[in-house]
Amino acid sequence: MKRLTPAPRPVKPDFDPLVDYPTDIERIVTAAANLGFKVTLRDAAELWRRHAGEVCASWFEVEGSDQDIVATLLKHAEVQADEDDLPAPPTGYPSWLDFAVDTMEIRAEEQERLWANTPVSRQSMRDAVRAELAALRLKAGESAALTAPALSHDTKHGFG
């Protein structure tokens, strides 16, 4: 017998905090900035909406110290490093992921495949990983320009 259940429907907010509570949103963004956090207006509104939603409210007036406000935000947020705070990838690589792909350790995998009688070259493994990275970037909508050409470390860099 087939089950009949309610179909999911998109949640439609009954108000827009950016329009209805712009002063509150600005206060949230300012409190976060004062404590070294960057948050967009839209993200600030969503974080405060989640806070209010914990007790089935639509919105709470933003009150308290910067520390109180940010402590509330942190209950519903993920803290991510700012791109400006991250080290640049090594020279010649557009990203750390490109570097990792081109310099990954594959000797053990190569040896295991030899013993299993399914040999595969190191370069073909790197090419496969590079193709997967390119496919992920395509799905994410990143420019193909970010995909560095596959490097043959066997001859250029002494890796292998």
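The values are calculated or read from the model by the stated rules, or taken from the named source; none is laboratory data. Since the structure is predicted, the reported quantities are computational estimates derived from the model, not experimental observations. Don't worry about glycine lacking a Cβ; one is built from the backbone with ideal geometry, like all the others, and counts go over all protein chains shown.
Overview of values
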read-out	value
Inter-residue pairs, beta-carbon under 8 Å, first surrounded by 10 or more Cβ atoms within 10 Å (Cβ to Cβ) and in the range 69-85, second of a type in the set (Val, Ile, Thr), 6+ apart	ILE69/ILE28; ILE69/VAL62; LEU73/ILE28; LEU73/VAL39; ALA77/VAL39
Test result for PRO6, outside any helix (DSSP H, G or I), without any contact (Cβ under 8 Å) to a residue 40 or more places away in the chain and under 25 Å from the mean Cα position of the chain (by Cα)	no
Residues of the range 102-121 that turn out to be assigned to a helix (DSSP H, G or I) and of a type in the set (A, V, I, L, M, F, W, C), as a count	3
Residues that are in a helix (DSSP H, G or I) and at pLDDT 90 or above, drawn from the range 53-82	ASP66, GLN67, ASP68, ILE69, VAL70, ALA71, THR72, LEU73, LEU74
Residues located in the range 33-48, provided they are aliphatic (A, V, I, L, M) and either in contact (Cβ under 8 Å) with a residue 60 or more places away in the chain or part of a loop (DSSP other than H, G, I, E, B) (or both)	LEU35, VAL39
Test set (1) surrounded by 14 or more Cβ atoms within 10 Å (Cβ to Cβ); (2) assigned to a helix (DSSP H, G or I); (3) out of contact with any Pro (no Cβ under 7 Å at 6 or more places or on another chain) - PHE99 fails condition number	(3)
